[in-house]
Amino acid sequence: MTEGMRDLPSGKRVFFVGIGGISMSGLARIATNYGLIVGGSDMHPSERTAELEQIGIKVYGQHSADNIKEFAPDIVVHTAAILPENPELNYAHETGIPVMERSVFLGLITRNFSNVINISGTHGKTTTTSMVSLILLASGANPTVHLGAELGAFGGSVYLGSKDQLLVSEACEYHRSFLEFYSTIAAITNIDYDHVDCYKSIDEVIDVFAQFTEKLSADGTLVIPAGDKNVQECVKRIPEYRRKMGMEEPHIVTTGLAGEGVDFFGREPDFCAVNIEYTDGKAGFDVLYKGHPYTHIQLAIPGTHNVYNTLTAIACASLAGGTKEAAQKALADFTGAEGRFTIKGTYKGATVVTDYAHHPSAARATLDAASHVPHGKTWVVFQPLTYSRTQVLFEDYVTSLLPCENVFFDEIFSDREINPGTISSKDISDEINRRGGHAEFFESKDAIIDRLSGCVSEGDMILILGPEDIRALGDRLVTLG
């Protein structure tokens, strides 16, 4: 094994169960870049799996113990979404091949780098991580980057830069994954109640973000939004967890709009946005650092939530040597990661936009961003993600989508839960209508297309919100023209 992978378990062959996923395919590329021999399996052939095969990675099109026998890996890596009865995992366990969850593998990779920027938070991780990476690249740095979505500038979800100097990565709280990740700079974009299959309450979510700082280096820096009440509560709990590790509190850098955080931190945010003006929904604003002019930013993506993402990105990048000139240029050119307010094209003259906003709070932010972009009527197509989230956050789904002019629901999507038969998107639709809203439920995506074909007009916006399953509808619409 190469010296750069010195902290990973011994052995040179790594098998990824579910290799076609965004994160897993990225990790497969990083592992290959370190000289490891990589293979994997995925039941859903895609452009990603084809691209992996083009660089010499063996991809099996089904899950079978025979795959492990043939490939003879030293390590088997899987995601939390892979069911325990998976035949490849079973065979690996039976034969004594080391098995580790994706987050453990990524956590080991983080320990190979001198400097690690981990971007955590309920919402905005992908966008903020993309921004940090692009600022650093424009500043002349050469980071390795691991994203949770495709980024056009990378031609994928990873950028293969230095092998031991600087890593920029998303850090997700799902199944407490990010507790495996070492950081020298860590960010929390926001804290909201999500992943209800893992956390019983918002209090548990707040607590796990405080635990996340245990793996922040002794001299590390934590970047946080000054005005987020849940983050403020998290900060109160951090000293307890840091003391367990024999460390003092981390250095804290705050971000936000003017007037935020003063009561809690006793000062204006360190990186502060002022003089915000919107053009076609896209913010232009001045950034102050500790009260002094830092730079002017003009974003190419809409929404106030992206002002917050930008401030976090600028703070993290500057701590790692990013320049304000690079931030200004990189962010002016940044049109978003795939699935984050992505303009796909047009259908019957209406602009088709897709966004991963499957959580009620993310939906609110995206709907607000869309409202500032000039267009005619808005036609929202929404698909909730996971039955448990929909059941627990039902009221939030209703209230977040109630103001929509028109919202069309597809059935709940989940690739990691069995349908309990107690919740449906139709329940949300019916409740919205009971409260005076305008919602419709459809049994199929073809039915949604038929409905849209008879109602959209030139200049309208079709906003498709939810997981990849529903966002693929955007491509179909654009193809139909």
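Given the conditions (1) crowded, with 22+ Cβ neighbours inside 10 Å; (2) among the β-branched types (Val, Ile, Thr); (3) within 23 Å of ILE22 (Cα to Cα), which single one is not true for ILE418?
It is condition (1) that ILE418 fails.
Please state which one of TYR182, TYR174 is modelled with pLDDT under 95 and not hydrophobic (A, V, I, L, M, F, W, C).
Values: TYR182 fails: modelled with pLDDT under 95.
Exactly one of TYR182, TYR174 is modelled with pLDDT under 95 and not hydrophobic (A, V, I, L, M, F, W, C), namely TYR174.
Can you tell me which residues in the range 157-183 are outside any helix (DSSP H, G or I) and within 24 Å of LYS229 (Cα to Cα)? Lay out the reasoning, then the answer.
At the first step, the residues of the range 157-183 found to be outside any helix (DSSP H, G or I) are 157-173, 181-183.
Hits for the range 157-183 are GLU170, ALA171, CYS172, GLU173, SER183.
I'd like the full set of residues that are closer than 27 Å to TYR174 by Cα and outside any helix (DSSP H, G or I), limited to the range 38-59.
VAL38, GLY39, GLY40, SER41, ASP42, MET43, HIS44, PRO45, SER46, VAL59
Can you go through ASP410, ASP368 and tell me which one is at negative phi, surrounded by fewer than 19 Cβ atoms within 10 Å (Cβ to Cβ) and either charged (D, E, K, R) or free of Cβ contacts under 8 Å to residues at least 40 places away in the same chain (or both)?
Details: ASP410 fails: surrounded by fewer than 19 Cβ atoms within 10 Å (Cβ to Cβ).
Within the list ASP410, ASP368, the selection yields ASP368.
Just name the residue that is farthest from ALA317 (Cα to Cα) out of those in the range 345-365 that are touching a Ser or Thr at 6+ places or on another chain (Cβ under 6 Å) and in contact (Cβ under 8 Å) with a residue 40 or more places away in the chain.
Kept after step one, since they are touching a Ser or Thr at 6+ places or on another chain (Cβ under 6 Å), are these residues of the range 345-365: 354-355, 357, 360, 363-364.
From what's left, in contact (Cβ under 8 Å) with a residue 40 or more places away in the chain: 354-355, 357, 360, 363.
Numbers: THR354: 28, ASP355: 25, ALA357: 25, PRO360: 29, ALA363: 27 Å.
My answer is PRO360.
Look through ASN112, ASN90 and report the one residue that is in a loop (DSSP other than H, G, I, E, B) and over 30 Å from ALA365 (Cβ atoms). Write out each step before concluding.
Details: ASN90 fails: in a loop (DSSP other than H, G, I, E, B).
Of ASN112, ASN90, the one residue that is in a loop (DSSP other than H, G, I, E, B) and over 30 Å from ALA365 (Cβ atoms) is ASN112.
For residues that are touching a strand residue (DSSP E or B) at 6+ places or on another chain (Cβ under 8 Å), in contact (Cβ under 8 Å) with a residue 40 or more places away in the chain and not in a helix (DSSP H, G or I), tally how many sit in the range 115-142.
Looking only at that region, the number is 8.
Within the range 299-349, restricting attention to residues that are polar (S, T, N, Q) and over 21 Å from the mean Cα position of the chain (by Cα), which residue is farthest from ILE119 (Cα to Cα)? Lay out the reasoning, then the answer.
We begin by selecting, within the range 299-349, every residue polar (S, T, N, Q); these are 304, 306, 309-310, 312, 318, 323, 328, 335, 342, 346.
Next, from what is left, pick out any that are over 21 Å from the mean Cα position of the chain (by Cα): 318, 323, 328, 346.
On the way: SER318: 14, THR323: 19, GLN328: 20, THR346: 33 Å.
That would be THR346.
Those residues that are touching a residue at least 40 places away in the same chain (Cβ under 8 Å), part of a loop (DSSP other than H, G, I, E, B) and surrounded by fewer than 17 Cβ atoms within 10 Å (Cβ to Cβ), I need them from the range 445-459; list them, please. First the steps, then the outcome.
Quick first cut of the range 445-459, residues touching a residue at least 40 places away in the same chain (Cβ under 8 Å) only: 448, 451-453, 455-459.
Restricting the remaining residues to those that are part of a loop (DSSP other than H, G, I, E, B) gives 455-459.
Once the filter is applied, which keeps residues that are touching a residue at least 40 places away in the same chain (Cβ under 8 Å), part of a loop (DSSP other than H, G, I, E, B) and surrounded by fewer than 17 Cβ atoms within 10 Å (Cβ to Cβ), the range 445-459 yields CYS455, SER457, GLU458, GLY459.
Check off (1) within 21 Å of HIS146 (Cα to Cα); (2) outside the structural domain of SER414 (by TED's automatic domain parsing) for ASN275 and give me the number that stays unchecked.
(1)
Let me confirm something: among VAL208, VAL231, which residue is more than 21 Å from ASP270 (Cβ to Cβ), in the same structural domain as GLU173 (by TED's automatic domain parsing), surrounded by 17 or more Cβ atoms within 10 Å (Cβ to Cβ) and modelled with pLDDT of 95 or more? Break it down stepwise before answering.
Numbers: VAL231 fails: more than 21 Å from ASP270 (Cβ to Cβ).
It is VAL208.
Name the residue, out of ILE423, ILE448, ILE428, ILE432, that is of a type in the set (Val, Ile, Thr) and touching an Asp or Glu at 6+ places or on another chain (Cβ under 9 Å).
Values: ILE423 fails: touching an Asp or Glu at 6+ places or on another chain (Cβ under 9 Å); ILE428 fails: touching an Asp or Glu at 6+ places or on another chain (Cβ under 9 Å); ILE432 fails: touching an Asp or Glu at 6+ places or on another chain (Cβ under 9 Å).
The unique qualifying residue is ILE448.
One line per residue, one yes/no per condition, for (1) more than 19 Å from GLY321 (Cα to Cα); (2) modelled with pLDDT of 95 or more; (3) among the polar types (S, T, N, Q); (4) surrounded by 23 or more Cβ atoms within 10 Å (Cβ to Cβ):
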position	(1), (2), (3), (4)
THR79	yes, no, yes, no
ASN90	yes, yes, yes, no
LEU137	no, yes, no, no
GLY140	no, yes, no, no
LYS163	no, no, no, no
VAL168	no, yes, no, yes
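Consider GLY220 carefully, then state whether it is crowded, with 18+ Cβ neighbours inside 10 Å and not acidic (Asp, Glu). Outline the logic, then answer.
Values: crowded, with 18+ Cβ neighbours inside 10 Å: yes; not acidic (Asp, Glu): yes.
Judged against the criteria, GLY220 is a match.
What is the residue count in the range 388-444 for residues that are of a type outside the set (S, T, N, Q), part of a helix (DSSP H, G or I) and farther than 23 Å from ALA369 by Cα? Please lay out each step first, then the result.
From the range 388-444, those of a type outside the set (S, T, N, Q) are 389, 392-398, 401-405, 407-413, 415-418, 420-421, 423, 426-428, 430-432, 434-443; that's our starting set.
Adding the requirement that they be part of a helix (DSSP H, G or I) leaves 389, 392, 394-398, 401, 426-428, 430-432, 434.
Checking the rest, the ones that are also farther than 23 Å from ALA369 by Cα come to 389, 392, 426-427, 430-431, 434.
Within the range 388-444, residues that are of a type outside the set (S, T, N, Q), part of a helix (DSSP H, G or I) and farther than 23 Å from ALA369 by Cα number 7.
Identify, please: which residue in the range 239-273 is among the hydrophobic types (A, V, I, L, M, F, W, C) and within 23 Å of VAL208 (Cβ to Cβ) and is, among those, surrounded by the most Cβ atoms within 10 Å (Cβ to Cβ)? Give the derivation first.
Going through the range 239-273, the residues among the hydrophobic types (A, V, I, L, M, F, W, C) turn out to be 245, 247, 252-253, 257-258, 262, 264-265, 271-273.
Filter once more, keeping what is within 23 Å of VAL208 (Cβ to Cβ): 245, 247, 252-253, 264-265.
Working: MET245: 11, MET247: 17, ILE252: 15, VAL253: 22, PHE264: 17, PHE265: 18.
Top of the filtered list is VAL253.
The values are calculated or read from the model by the stated rules, or taken from the named source; none is laboratory data. Source: prediction; values computed, not measured. In this analysis, Cβ positions are derived from the backbone assuming ideal geometry, glycine residues included, and neighbour counts consider all displayed protein chains.
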